[in-house]
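Chemist: Right, I'll just put the structure down here and ask away after.
Nothing in this text is a laboratory measurement; each read-out follows from the coordinates by a stated rule. Because the structure is a prediction, the values reported are computed rather than measured. Quick reminder, even Gly has a Cβ in these numbers, built from the backbone with ideal geometry, and neighbours come from all protein chains shown.
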Amino acid sequence: MSKVTDATTENRKVDHIRINLEKDVQFPRLTTGLEKYRFIHQALPEINLKDIDTSITLFGKQLSAPILISSMTGGTDMAYRINQHLAEAAQMNQIAMGLGSQRAAIENADLAHSYRVRNVAPDILLFANIGAVQLNYRYGAEECQRAVDMIEADALILHFNVLQEAVQPEGDTDFSGLISKVEAVSKALSVPVIAKEVGWGFSEQNARDLANAGVAAIDVAGAGGTSWSEVEYHRAPTEFHAQIAACFADWGIPTAEAIRYAAQGAPKLPIIASGGLRNGLDVAKCIALGATMGGLAGPFLKAADQSVEAADELARQLVAQLRIAMLCSGNATIAQLQQAPLLKV
């Protein structure tokens, strides 16, 4: 167990990066559920690999592949370097990217530079990010718009992290009455709003309520990848707090089930599948389960900590794996892949 440095937002960001890079913070037993699904192999796909089209359009921007570098960090010098590497890789591969929670920069404008990546990624689909619970702590549409304007974002993520806040000694835990405030922000903002969990998934009713509130997309961020209760376990300042966090190490809705819930609760909205995806085959499975695109955080964090080249290579590997999965399942486009049957084993 690593002792927390202090409770400021900036130092919490440093703790989160360090722990994710140095500790095993995967779910101990719970999996994404993606391993239970298989494509039906097509030995005669009647497709040329070079003709496979992985492109999609989301929020008016065309992406070369349905891949998102999921929201991770910002607010520190270490985060600045990582975000620059991630953004360069996203630009090189024409994939989407989300920034980490921008609360640190809303509180301290001197930290805004750590989130700004348009200098190296002028064309990418880019998501700003604010914690939804902050709408109960003096944040409103004005602060959300500031986050968007700060990084010239194409959309805003409102992230929902109720368990993480609950196990943090310094957490913000008033999640009451949020849906009406999400609706107000969705109506007021100049860009679309994405509702995102951070690793425990949305229920079907959650997805339905969020769709009715006017969000433009849902990032299910299901369980099975990074467990933020495990991260908070390593941050805990006392054994008491460590044991509170440890109790919830395997909490959540597995990613595969969270995709299904979102598709049922919000059938008209784009679904971003994240939470434990590790390769292009996982992305392909998520799309066949009903998602529009797949997001990865942990693998990109480790790659970007090394170099731009490592992040770029990971992105290229993901696209190559996705293309081969499409070839061998007989799907030449993402629209076809979304209709592909899967075997549950």
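Chemist: If I take R0 = 30 Å and measure r between the Cβ atoms of Ile179 and Gln264 in this structure, what FRET efficiency does the formula 1/(1 + (r/R0)^6) give, to the nearest 0.05?
Modeler: The value I calculate is 0.95.
Chemist: Something else about it: Across 10 Å bins from 0, what is the distribution of all Cα-Cα pair distances for the range 55-180, in whole percents?
Modeler: Bin by bin from 0 Å, the calculated values are 13, 42, 32, 12, 0.
Chemist: About its Cα centre, how strong a charge dipole does the chain have in debye, to the nearest 20, once Lys and Arg get +1 and Asp and Glu get -1 at the Cβ?
Modeler: Here the size comes out at about 740 debye.
Chemist: Based only on other Cβ atoms within 10 Å, what is the fewest-to-most ordering of Lys13, Lys23, Lys50?
Modeler: Lys50, Lys23, Lys13
Chemist: Now for a different question. Under 21 Å Cα-Cα from Lys268, which lysines qualify once same-chain neighbours fewer than 8 residues away are excluded?
Modeler: Lys61, Lys187, Lys196, Lys285
Chemist: Also: Can you show me the helix-derived [θ] at 222 nm for the chain, built from DSSP H runs with n ≥ 4 at -39,500 (n - 2.57) apiece and divided by the number of residues, rounded to the nearest 500.
Modeler: Mean residue ellipticity at 222 nm (helix-derived): -12500 deg cm²/dmol.
Chemist: Above 22 angstrom, tally the Cα pairs of the range 198-345 and express them as a % of all pairs, no decimals.
Modeler: Percentage above 22 Å: 48.
Chemist: When the Karplus curve 6.51 cos²θ - 1.76 cosθ + 1.60 is applied with θ = phi - 60°, which whole-Hz ³J(HN,Hα) does each residue of the range 42-59 get, with x for Gly and Pro?
Modeler: Whole-Hz 3J(HN,Hα) from phi for the range 42-59: 10, 5, 10, x, 6, 9, 8, 3, 5, 8, 5, 10, 9, 6, 9, 10, 9, 6.
Chemist: Another question about this same structure. Among Leu44, Leu289, Leu210, whose mean-square fluctuation peaks in a Gaussian network model of the chain (Cα, cutoff 10 Å)?
Modeler: Greatest mean-square fluctuation among the candidates belongs to Leu44.
Chemist: May I ask you to compute the full-extension gain from Ser307 to Lys344, defined as 0.36 nm times their residue separation minus their alpha-carbon distance, rounded to one decimal in nm?
Modeler: So the chain would gain 9.5 nm between Ser307 and Lys344.
Chemist: If you don't mind, another one. Just to check I understand the Karplus step: with θ = phi - 60° and J = 6.51 cos²θ - 1.76 cosθ + 1.60, what whole-Hz values come out for the range 265-275, glycine and proline as x?
Modeler: Karplus values, whole Hz, x for Gly and Pro: x, 9, x, 9, 9, x, 10, 9, 9, 9, x.
Chemist: Please report, for the Cα atoms of the range 103-166, the Rg to one decimal and the Dmax as a whole number; what are they, in angstrom?
Modeler: Radius of gyration, then largest Cα-Cα span, for the range 103-166: 12.2, 37 Å.
Chemist: Sticking with this structure for a sec: What's the angle, to the nearest 10 degrees (0 to 90), between helix 178-188's Cα axis and the longest principal axis of the chain?
Modeler: Orientation of helix 178-188: about 70 degrees from the principal axis.
Chemist: Can you work out ³J(HN,Hα) from phi for every residue in the range 290-304, in order, using Karplus 6.51 cos²θ - 1.76 cosθ + 1.60 and θ = phi - 60°, giving whole Hz and x for Gly and Pro?
Modeler: These are the phi-based 3J(HN,Hα) values: x, 7, 8, 7, x, x, 10, 10, x, x, 6, 4, 5, 5, 5 Hz.
Chemist: For Cα pairs less than 8 Å apart in space and 6+ apart in sequence, what is the mean separation divided by the residue count of the chain, i.e. the relative contact order in percent?
Modeler: Relative CO of the chain lands at 24 percent.
Chemist: What is the angle, in °, between the Cα long axis of helix 141-151 and the longest principal axis of the Cα atoms in the chain? Nearest 10 is fine, range 0 to 90.
Modeler: 60 degrees
Chemist: What are the residues whose amide H is under 5 Å from the amide H of Ala223, where those residues sit 5 or more places off or on another chain and H is modelled from the backbone?
Modeler: Gly201, Ile253, Thr255
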